[in-house]
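What follows is a single structure, written as structure tokens, with notes after it.
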Amino acid sequence: DCILPTEPPLADGAAFDPQTRTWRIIAEAPVPFAWAVSALIGRTAYFWIPGQPGRSGAAPAFLAYEIDADRWHELQLPPGDMQQSGIVAAGDRIVAFSGTDELGELPDLIFDPTVGRWTDLVADPLSPSFDRSMAWSGRELILFDHELVANPGSERPSLVRAAALNLATGTWRRLPDSEVLGGPW
């Protein structure tokens, strides 16, 4: 419930080189933003910018930044009502996922940079959930979540669950339930 700034966000930026311990100014982003979720594929950084409704100049955007060329590209926004809460690099593609099904289930999406297009990700095998996150194992996309349970009044705690997607075959496999409420699985 913080009050939004009245000034639009900025589009300037800088990059830090940990080897030389120096900063350099980078090209201005085509869309100003206050915060973003990011993922890296090779030498291109992708930025999912949810925007800030009610703040001037703070529109949602999906951007790619070519590090070596110091060049930005504005990419196609994911279809739908823009409620994806995170992105993760999955091999040579970007996956945008919803953080919760509490307000209704939304499809997770996959972006192929070679064609510049979003498509629906194969639906996962887990029941509606909250606290959803995804990670790339190097071979599979792993979904972590918590089953939606009555709160208060659940007969059991909602432990971390997981499923793994093979992007090549489009098939999910259910992983054993964890014995933890959160944190590393």
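The values are calculated or read from the model by the stated rules, or taken from the named source; none is laboratory data. The shown structure was predicted, so the numbers you read here are calculated from the model rather than taken from an experiment. Glycine gets a Cβ as well: all are built from the backbone with ideal geometry, and neighbour counts include every protein chain shown. Please note that ligands, DNA and RNA were not included when accessible areas were found on the heavy atoms of the full protein model with its side chains. Shrake-Rupley method; radii C 1.70, N 1.55, O 1.52, S 1.80 Å.
Miscellaneous remarks
- From the list Ala39, Ala15, Ala64, the one residue that fits, being surrounded by 19 or more Cβ atoms within 10 Å (Cβ to Cβ) and either free of Cβ contacts under 8 Å to residues at least 60 places away in the same chain or out of contact with any Cys (no Cβ under 9 Å at 6 or more places or on another chain) (or both), is Ala39.
- Some residue of region 41-63 being farther than 26 Å from Ala168 by Cβ and of a type in the set (D, E, K, R): yes
- Scanning region 101-120 for residues that are of a type in the set (A, V, I, L, M), touching a strand residue (DSSP E or B) at 6+ places or on another chain (Cβ under 6 Å) and more than 22 Å from Glu74 (Cα to Cα) yields a single hit, Leu106.
- As a summary of the residue check, Asp70 satisfies the conditions (1) acidic (Asp, Glu); (2) without any contact (Cβ under 8 Å) to a residue 40 or more places away in the chain; (3) open to solvent by 20 Å² or more (accessible area, probe 1.4 Å) except for the one numbered (2).
- In region 149-184, the qualifying residues are those that are among the aliphatic types (A, V, I, L, M) and either exposed (fewer than 15 other Cβ atoms within 10 Å of the Cβ) or in contact with a Ser or Thr (Cβ under 6 Å, 6 or more places away or on another chain) (or both), and the one that is modelled with the highest pLDDT is Ala168.
- Residue list for region 76-115, filter: at pLDDT 95 or above, farther than 16 Å from Val37 by Cβ and either open to solvent by less than 40 Å² (accessible area, probe 1.4 Å) or small (Gly, Ala, Ser) (or both): Gly91
- So Gly51, is it free of Cβ contacts under 8 Å to residues at least 40 places away in the same chain, open to solvent by less than 30 Å² (accessible area, probe 1.4 Å), of a type outside the set (A, V, I, L, M, F, W, C) and not in a strand (DSSP E or B): yes
- Checked against (1) at pLDDT 95 or above; (2) open to solvent by less than 40 Å² (accessible area, probe 1.4 Å), Val122 passes all but condition (2).
- Answer from Ser137, Ser158, Ser98 - the residue that is free of Cβ contacts under 8 Å to residues at least 40 places away in the same chain, under 18 Å from the mean Cα position of the chain (by Cα) and over 26 Å from Gln76 (Cβ atoms): Ser137
- Filter pass, Arg43 being of a type in the set (Lys, Arg) and over 30 Å from Gly91 (Cβ atoms): no
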